2 protein chains.
Amino acid sequence: MIVSLAGGVGAAKFLSGLVRVIPEEDLTVIVNTGDDIELHGLHISPDIDIVMYTLAGIVDESKGWGVKGDSFNCLSFLGRLGCETWFKLGDMDLATHIYRTNLLRKGFRLSEIVDMLRKTFGLKIKILPMSDDRVETRILTSAGEFHFQEYLVKRGASDRVLGVEFSGVDEAKPAPGVIESILEADAVIICPSNPIVSIGTILSVSGVKEALTRSKARKIAISPIVAGHPIKGPADKLMEGLGLEVSAYSVAKIYSDFLDVFIIDEFDAHEKDRIEGLGIKVISTNTIMKSLEDKVNLARVVIEQTEL
Amino acid sequence: MIVSLAGGVGAAKFLSGLVRVIPEEDLTVIVNTGDDIELHGLHISPDIDIVMYTLAGIVDESKGWGVKGDSFNCLSFLGRLGCETWFKLGDMDLATHIYRTNLLRKGFRLSEIVDMLRKTFGLKIKILPMSDDRVETRILTSAGEFHFQEYLVKRGASDRVLGVEFSGVDEAKPAPGVIESILEADAVIICPSNPIVSIGTILSVSGVKEALTRSKARKIAISPIVAGHPIKGPADKLMEGLGLEVSAYSVAKIYSDFLDVFIIDEFDAHEKDRIEGLGIKVISTNTIMKSLEDKVNLARVVIEQTEL
């Protein structure tokens with residue numbers, strides 16, 4: 001059994017390669033829900049949906065999120081009614097949010113709903129939200145404090161970051177199966193996701209870091225930073241804001257308490273010695289996933305390191 | 001000030017003629033909410049939306065409900081997720097339901113939300129739900145008891161009707177302004193709507209019938225039954241189920257406690273004497289509204305009878 005920790009687009013791309021290398025049913029993905037947001041009274045779980053849509057083959061690949069070929073007629077009309085429309089919700093995508101919100105209000109837990117959804121989408125991979133409790137990633141900036149989605153999407157990540165908080169995380173329990181799957185895993189893969197607001201959020205949930213340290217699984221991470229820049233998203237701005245160097249080394253350091261192997265891009269091969277100084281084995285390969293072949297090749301390199 | 005009681009399609013058609021004959025701001029419409037239904041966790045108010053969309057000029061005229069040119073991508077996707085799709089919710093239309101549901105959950109009353117919506121749609125006509133409390137029209141049939149929408153839309157009005165109940169009506173208070181507007185009106189117009197499950201529902205709300213009786217306004221109704229058949233909808237099946245003759249006379253009799261003038265179709269001119277026997281003045285004219293001209297002409301006949 002392989003467990004992976006995942007954020008959104010980068011993780012989903014990697015996972016779509018991984019399920020072509022190992023049987024889907026051998027895989028459990030623990031997904032960040034700190035980005036979850038309520039908009040128009042609907043509960044939106046961006047990272048979970050990106051992972052589901054991508055693995056189901058219905059994601060809008062040009063954007064990395066949303067449903068392929070979706071229309072935006074509901075959102076336009078919401079705009080006409082005076083609602084904010086900065087978060088782009090497609091009509092088909094909205095069905096997922098309506099479905100999830102309806103079941104949450106009926107008392108179902110997010111993890112139960114995600115399990116129903118992934119089955120409906122025909123996925124054999126197990127998808128676990130990091131927690132059924134609300135954790136909200138708040139970005140403290142020079143312009144004020146914002147929900148991560150407001151910081152990123154509404155304000156275009158243009159504010160100087162002063163800090164990151166995971167509101168609610170002290171009270172949040174890991175979702176059923178999160179700790180158990182890490183403890184029982186043969187290998188844990190940290191996807192190439194934002195180390196602060198995707199993986200960092202999951203690691204902040206009570207018991208997760210301890211489970212990673214205790215687990216006998218080989219722990220392998222893929223760097224989301226290549227040549228000092230994130231492939232996608234605001235990881236550089238967040239890392240800088242927290243006074244961190246924006247580099248593969250810096251990511252490895254965040255994971256150094258538990259990490260066995262770090263996969264870096266060949267552009268960053270010069271960082272190898274420095275990272276190995278943290279007691280982490282380093283493999284350099286192409287980590288930029290443009291084609292399916294890239295994804296599958298990266299997954300093969302990772303799986304090789306599991307030593308299973 | 002003119003007050004009208006309204007159901008859905010027939011009422012909306014008539015009102016779109018009426019606002020061309022008298023100033024929109026002189027008009028208050030009290031709308032049936034017994035057809036309201038919660039689907040996918042969203043609060044849907046079919047009659048209110050039909051009236052709003054029609055007066056805003058954005059209704060799908062071929063159907064009489066929904067938004068012109070709407071798509072149904074969200075509903076298709078909901079179907080894919082295993083949800084029921086018998087109630088046809090368009091993508092633009094869904095924005096109204098999402099907006100309303102969100103505000104209801106935030107503690108706004110339906111009447112407040114309807115007022116915000118009608119202003120957003122640029123309407124000067126005042127639109128009042130009959131009640132802010134939930135009243136649910138239940139149809140008792142030989143196949144069981146159903147929500148009105150289930151009886152009508154899901155089951156195609158194919159079950160033999162045994163009775164009609166307005167669940168919750170005993171506890172429901174009229175929405176703010178309902179009783180006051182009737183008491184202060186110069187004229188009250190009963191739209192050509194279903195006398196049992198549209199107008200009948202409004203009349204069943206505590207105080208409405210009494211207000212109509214006490215009000216000095218001239219009360220004029222337009223028959224929704226022409227030549228023994230409803231123009232649209234299941235009024236005939238409901239009336240038959242309740243042991244009523246399906247005729248203009250029968251509708252007049254339902255309203256006879258308060259009605260001054262009954263407008264019947266010229267096809268039913270032979271019913272005039274019988275209806276006048278109820279102490280109601282009868283005018284026969286064309287009541288079938290195919291063109292805008294038909295609607296305006298009918299509105300003129302009605303306004304003439306207000307004697308204002």
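Considering only residues of the range A:258-291 that are in contact with a helix residue (DSSP H, G or I) (Cβ under 7 Å, 6 or more places away or on another chain) and in a helix (DSSP H, G or I), which is surrounded by the fewest Cβ atoms within 10 Å (Cβ to Cβ)?
In this case the residue turns out to be A:Arg274.
Looking at (1) under 23 Å from A:Leu128 (Cα atoms); (2) in contact with a His (Cβ under 7 Å, 6 or more places away or on another chain), which one does A:Leu259 not meet, given that it meets all the others?
Result: A:Leu259 passes all but (2).
Quick one: would you say B:Val114 is modelled with pLDDT of 95 or more, surrounded by 22 or more Cβ atoms within 10 Å (Cβ to Cβ) and within 18 Å of the chain's Cα centre (by Cα)?
Taking the combined requirement at face value, the residue satisfies it.
Of everything in the range A:1-22, what is touching an Asp or Glu at 6+ places or on another chain (Cβ under 7 Å) and part of a loop (DSSP other than H, G, I, E, B)? Give them in sequence order.
A:Met1, A:Gly7, A:Gly8
Just name the residue that is nearest to the other protein chains (Cβ to nearest Cβ) out of those in the range A:61-87 that are buried (at least 18 other Cβ atoms within 10 Å of the Cβ) and touching a strand residue (DSSP E or B) at 6+ places or on another chain (Cβ under 8 Å).
The residue in question is A:Phe77.
Within the range B:94-108, count every residue that is more than 8 Å from chain A (Cβ to nearest Cβ) and either within 20 Å of the chain's Cα centre (by Cα) or among the hydroxyl-bearing types (Ser, Thr, Tyr) (or both).
2
Looking at the structure I just gave you, is A:Ser131 closer than 29 Å to A:Val164 by Cβ, among the hydroxyl-bearing types (Ser, Thr, Tyr), more than 11 Å from chain B (Cβ to nearest Cβ) and buried (at least 22 other Cβ atoms within 10 Å of the Cβ)?
yes
Considering only residues that are among the charged types (D, E, K, R) and more than 14 Å from chain A (Cβ to nearest Cβ), look in the range B:21-60 and name the one that is nearest to A:Gly41 (Cα to Cα).
Once the filter is applied, the top-ranked residue is B:Asp36.
Has the range B:238-246 got at least one residue that is touching a strand residue (DSSP E or B) at 6+ places or on another chain (Cβ under 6 Å) and among the charged types (D, E, K, R)?
Looking through the range B:238-246, none of the residues is touching a strand residue (DSSP E or B) at 6+ places or on another chain (Cβ under 6 Å) and among the charged types (D, E, K, R).
I'm trying to understand the selection: among the residues of the range A:11-47, which are among the hydrophobic types (A, V, I, L, M, F, W, C), in contact with a strand residue (DSSP E or B) (Cβ under 9 Å, 6 or more places away or on another chain) and in contact (Cβ under 8 Å) with a residue 60 or more places away in the chain?
The answer is A:Ala11, A:Phe14, A:Leu15, A:Leu18, A:Val19, A:Ile22, A:Leu27, A:Val29, A:Ile30, A:Val31, A:Ile37.
Taking the residues in the range B:23-54 that are in contact with a helix residue (DSSP H, G or I) (Cβ under 6 Å, 6 or more places away or on another chain) and in a loop (DSSP other than H, G, I, E, B) as candidates, determine which candidate is surrounded by the most Cβ atoms within 10 Å (Cβ to Cβ).
Going through the qualifying residues, I end up with B:Asn32.
What pairs can you find where one residue is in the range A:96-112 and small (Gly, Ala, Ser), the other is at pLDDT 95 or above and assigned to a helix (DSSP H, G or I), and their Cβ atoms are less than 9 Å apart, with a gap of 6+ or different chains?
Within 9 Å, the pairs are A:Ser111/A:Val178.
Would you confirm, using the coordinates I've provided, whether B:Leu123 is farther than 22 Å from A:Phe72 by Cα and more than 12 Å from chain A (Cβ to nearest Cβ)?
yes
Any residue that is in contact with a helix residue (DSSP H, G or I) (Cβ under 8 Å, 6 or more places away or on another chain) and within 14 Å of chain A (Cβ to nearest Cβ) - is there at least one of those in the range B:144-166?
No, because not a single residue in the range B:144-166 is in contact with a helix residue (DSSP H, G or I) (Cβ under 8 Å, 6 or more places away or on another chain) and within 14 Å of chain A (Cβ to nearest Cβ).
Just a yes or no: is a residue in the range A:267-278 under 17 Å from the mean Cα position of the chain (by Cα) and modelled with pLDDT of 95 or more?
There is no residue in the range A:267-278 that is under 17 Å from the mean Cα position of the chain (by Cα) and modelled with pLDDT of 95 or more.
Per-residue answers, yes or no, for (1) surrounded by fewer than 18 Cβ atoms within 10 Å (Cβ to Cβ); (2) out of contact with any Lys or Arg (no Cβ under 8 Å at 6 or more places or on another chain); (3) among the hydrophobic types (A, V, I, L, M, F, W, C):
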{"site": "A:Pro174", "(1), (2), (3)": "no, yes, no"}
{"site": "A:Leu183", "(1), (2), (3)": "yes, no, yes"}
{"site": "A:Ile202", "(1), (2), (3)": "no, yes, yes"}
{"site": "A:Arg214", "(1), (2), (3)": "yes, yes, no"}
{"site": "A:Ala221", "(1), (2), (3)": "no, yes, yes"}
{"site": "A:Gly243", "(1), (2), (3)": "yes, yes, no"}
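Go through (1) more than 14 Å from every other protein chain (Cβ to nearest Cβ); (2) surrounded by 21 or more Cβ atoms within 10 Å (Cβ to Cβ) for A:Asp91 and report which single condition fails.
(1)
The values are calculated or read from the model by the stated rules, or taken from the named source; none is laboratory data. Values in this document were obtained by computation on a predicted structure and should not be read as measured data. In this analysis, Cβ positions are derived from the backbone assuming ideal geometry, glycine residues included, and neighbour counts consider all displayed protein chains.
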